[in-house]
Amino acid sequence: MIKFFRKIRQQLLSENKFSAYLIYALGEIVLVVIGILIALNINNWNTEQSNKAKREELLIAMTKDLAQDIASNDRMIVFYKNRLAFFERHLQKTDFSTTSIDTLLKIFDGNAGAFTSTDQSYQKAKNLGIAQLCSDDSLAMRIDEYYARTSEVTKMLFTYDFNMTEKQNDFWMGNQEGIEFHFHTALKIPIMQDSLERQANAVALISSPLGRNNIKTECMVKEMMLNYNTGIRKVAQGILSDIEAHLNKIE
């Protein structure tokens, strides 16, 4: 093809058809430019198709991440509900004289929730330089909000729950001389305190203003965490459902 065009140019020059030569040369330049533009468009199309495939792959992986978050939220919701239900069964009264020592000791056995948001797909998208995961602007903003802000709030709240639980446990087990506790150790160290004395001192502790305030503080924190987990589970489920709907439209 190049030899063909060169032959035409040489023929026009040899015949002193300079104006025709200029027109021909200009046309040849236009053809080259058109060819370059077509090549660029094809390259851009290929790049866009590749990015589209990557985004779809990451969105599919993100649905699995969100499903793990929802399952983790479900576990935490059950955890907090059970603790609050225990308090509701045993602490909405003023007379603990007939409450067993085992039940009383469970009041002192507080635990914190443990939740970790799974954001591998979102972080992979950021590392690949993908600024927006889908063409739906509203959904893309909700995904960013969930991972960029909600995850940080989640970490902060669970850290708060952990720290407050440590303080509450320190109050029950670290600063009291009237109750002998059983600690989980490999050594079988027997309880030497009389069971009636343990029960009486436990009742006195949870009936004191400091004890009651400690219990109320734990209730307040656990209620806050339950409400938060319930709300964030709803957000995660909504995003998951919308991502699945978006992927179905693409197919």
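The values are calculated or read from the model by the stated rules, or taken from the named source; none is laboratory data. For clarity, every value in this text was computed on a predicted model and none was experimentally measured. Quick reminder, even Gly has a Cβ in these numbers, built from the backbone with ideal geometry, and neighbours come from all protein chains shown.
With respect to Lys222, is the statement that it is surrounded by 13 or more Cβ atoms within 10 Å (Cβ to Cβ), under 24 Å from Asp161 (Cβ atoms) and at pLDDT 95 or above true?
yes
Go through Lys234, Lys167 for me and flag whichever is without any contact (Cβ under 8 Å) to a residue 40 or more places away in the chain and within 27 Å of Ala61 (Cα to Cα).
The unique qualifying residue is Lys234.
Among (1) more than 25 Å from the chain's Cα centre (by Cα); (2) farther than 18 Å from Gly211 by Cα, there is one condition Leu91 misses while meeting the rest; what is its number?
It is condition (2) that Leu91 fails.
Looking at (1) surrounded by 11 or more Cβ atoms within 10 Å (Cβ to Cβ); (2) modelled with pLDDT of 90 or more; (3) not polar (S, T, N, Q), which is the only condition Ala148 fails?
(2)
Suppose we keep only residues that are farther than 27 Å from Lys81 by Cβ and of a type in the set (A, V, I, L, M) within the stretch 218-245. Which one would you say is nearest to the chain's Cα centre (by Cα)?
Ile243
Counting only residues that are under 40 Å from the mean Cα position of the chain (by Cα) and part of a loop (DSSP other than H, G, I, E, B), which one in the stretch 160-217 is modelled with the highest pLDDT?
So, considering only residues that are under 40 Å from the mean Cα position of the chain (by Cα) and part of a loop (DSSP other than H, G, I, E, B), the one modelled with the highest pLDDT is Ala186.
I need the full set of residues from the stretch 105-137 which are exposed (fewer than 15 other Cβ atoms within 10 Å of the Cβ) and either at pLDDT 90 or above or closer than 30 Å to Ala204 by Cβ (or both), in order please.
Lys106, Asp109, Asn111
Can you find a residue that is among the hydrophobic types (A, V, I, L, M, F, W, C) and under 11 Å from the mean Cα position of the chain (by Cα) anywhere in the stretch 68-75?
For the stretch 68-75, residues among the hydrophobic types (A, V, I, L, M, F, W, C) and under 11 Å from the mean Cα position of the chain (by Cα): present.
Here's the yes/no breakdown for (1) out of contact with any Ser or Thr (no Cβ under 6 Å at 6 or more places or on another chain); (2) modelled with pLDDT of 90 or more; (3) not aromatic (Phe, Trp, Tyr):
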| position | (1), (2), (3) |
| --- | --- |
| Gln49 | yes, no, yes |
| Phe86 | yes, yes, no |
| Arg89 | yes, yes, yes |
| Gln92 | yes, no, yes |
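Please list, ordered by residue number, the helices (runs of 4 or more DSSP H) wholly in the stretch 81-150 having 2 or more residues that are closer than 26 Å to Ile243 by Cβ.
Hits in the stretch 81-150: 120-127, 137-144.
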